[in-house]
Each structure stands twice: as structure tokens, then as C-alpha cells.
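Down below is the structure, laid out as C-alpha cells.
The values are calculated or read from the model by the stated rules, or taken from the named source; none is laboratory data. Since this is a predicted model, take the numbers as computed values, not measurements. So basically every Cβ, Gly included, is an ideal-geometry build from the backbone, and we count neighbours across all protein chains shown. Surface accessibility is based on the protein's heavy atoms, side chains included, excluding ligands, DNA and RNA. Shrake-Rupley method; radii C 1.70, N 1.55, O 1.52, S 1.80 Å.
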Amino acid sequence: IIKDKYSFGIPEFLARYEGLHIICFGADDIKTVHARATRDGIAASDIVRVERNVDTLQGERMMQADSIHFPKAENPEGLVQVAQHLTREYVLQPRYMNHRIGAVSLAEVIVCVEAPEIVQAKYERYTGRRAERRGQTRVVELPYSRLTIVGPDELGRVLPGCKAPSIPCMAGFTVASRDLAATRRVLKEGRIPVGEHEGRLIVPPEHACGSAVVFESWRG
């Protein structure tokens with residue numbers, strides 16, 4: 001059993017730059033995911049249990065999840081893993097699911113790398129899904145979110161004004177909002193600088209702990 005204090009190498013990632021360093025794909029059955037990785041010759045860890053205490057309305061409870069992670073040497077952009085929640089009710093508590101800013105769900109992670117075509121193939125293997133070319137980006141569509149892969153020369157077209165703090169990196173993430181006007185209002189009330197591009201709101205990395213935070217309209 002791996003406790004909260006287990007670092008997963010995150011201090012090493014943080015030494016490169018402040019910002020986003022973890023991609024965690026969700027799974028309904030982690031054993032099936034692990035079996036597919038083994039069958040397809042994809043290097044992955046054994047299934048490990050991750051747990052931590054969380055506060056609930058009924059008192060402290062133990063959150064548990066089973067996960068696998070892929071080799072750090074193959075993923076210099078950060079920790080890449082898959083997890084199955086065993087106690088979702090302790091994590092997705094209704095009192096934490098409604099936000100004044102309108103956030104509903106994580107919609108996208110943006111990865112900036114030198115060789116997008118190679119990294120695209122890697123994530124296709126990890127997810128079992130084909131990527132799509134969208135202009136200069138490569139997008140892996142998942143049931144509830146997507147992974148966008150872009151080269152450093154094209155990052156500014158996806159995140160105008162944003163520069164990669166290091167290559168490779170996880171340059172930003174997108175949150176779906178049920179009311180983008182409310183999102184804009186809350187950000188302005190908080191005096192948080194925000195730009196707009198192609199119908200999306202963008203909080204630049206220097207005002208978001210190192211990784212751009214993007215808001216787009218929820219399509220659910």
C-alpha cells in the first residue's frame with residue numbers, strides 16, 4: 001500500500017519547473033487496463049493501492065484507489081498513470097462539486113513536446129485510442145476529456161502569450177464551465193488576469209502556479 005507521502009518522483013519534476021506534472025487517466029476496471037498493457041507489451045507498474053484520509057460529513061474516512069503508472073524514463077513530461085477509484089463517494093462529495101466559478105469537469109490536458117508524432121503514438125498505446133490531427137495539434141479524445149499534444153513552436157497558437165517553462169512539459173489544462181460568463185465575472189472579481197481565445201478564457205501560467213488554466217463551455 002502506498003501512502004500519501006510517497007513522492008512518485010514529483011520533487012524531481014518540480015525541480016524543472018513550477019506547474020502541472022501529473023496525468024491520471026480514469027478507469028472502471030484497473031485490472032483490465034493492466035492486462036491490456038501486459039498483453040500489448042506496454043511497460044507499466046504493478047497495481048498499487050493509494051489511500052489517504054478525507055473529511056466527510058460523517059467524519060474522517062479512508063479514500064482508496066488502485067493505480068498503475070508508466071515508466072518515468074518514457075515520460076519526461078511528468079507522472080503518467082491510470083487509477084480506479086474504489087471510494088468515489090469520499091472524493092466526489094456533493095458539497096465540493098458546485099463551484100461559484102461554474103467549473104463542472106476537467107476537459108483537457110495540454111502537453112508540449114519536441115516530437116508530437118512520437119508522443120502521440122505513445123499515448124495511443126496507453127489509452128487504446130487513436131489521435132486526431134486538428135491543425136498543428138494532435139488530440140486523443142477520451143470519454144470525458146481529451147489530451148492535446150503540441151510542439152513548442154505551435155504552443156502560442158493554442159495558448160496565446162504562453163511559453164513552455166521547459167520541454168517537455170504539461171503546459172496547461174482546461175476546465176469545462178456551465179456558465180462561461182459567470183466564470184469570467186468571478187475571475188475579474190478576483191483580479192485574476194484572463195485572456196480570451198477562440199471562445200475560451202485563459203489564465204496565463206504566471207498567474208496560475210506555472211501552468212495555464214483554460215475555461216471552456218461545458219458541452220455535457
For this session: Filter the stretch 90-111 down to residues that are in contact (Cβ under 8 Å) with a residue 12 or more places away in the chain and not in a strand (DSSP E or B) and give me whichever is farthest from PRO160 (Cα to Cα).
Result: TYR90
Problem set entry | Which listed residue, of VAL82, VAL91, VAL113, is touching a strand residue (DSSP E or B) at 6+ places or on another chain (Cβ under 9 Å), β-branched (Val, Ile, Thr) and at pLDDT below 95 | VAL91
For this session: Might you let me know whether the stretch 144-151 holds any residue that is open to solvent by 30 Å² or more (accessible area, probe 1.4 Å) and at pLDDT 95 or above?
Result: yes
Seminar exercise, completed: Exactly one of VAL91, VAL82, VAL113 is open to solvent by 20 Å² or more (accessible area, probe 1.4 Å), closer than 20 Å to LEU142 by Cβ and of a type in the set (Val, Ile, Thr), and that one is VAL91
For this session: Within the stretch 156-185, track down each residue that is open to solvent by less than 30 Å² (accessible area, probe 1.4 Å) and either farther than 18 Å from ALA107 by Cβ or among the small types (Gly, Ala, Ser) (or both).
Result: SER166, PRO168, CYS169, ALA171, GLY172, ALA176, SER177, ALA182
Seminar exercise, completed: Of those in the stretch 188-202 that are part of a loop (DSSP other than H, G, I, E, B) and not basic (Lys, Arg), the residue most open to solvent (accessible area, probe 1.4 Å) is GLU198
For this session: Return a yes/no flag: does the stretch 26-44 have any residue that is assigned to a strand (DSSP E or B), at pLDDT below 95 and either in contact with a strand residue (DSSP E or B) (Cβ under 6 Å, 6 or more places away or on another chain) or open to solvent by less than 80 Å² (accessible area, probe 1.4 Å) (or both).
Result: no
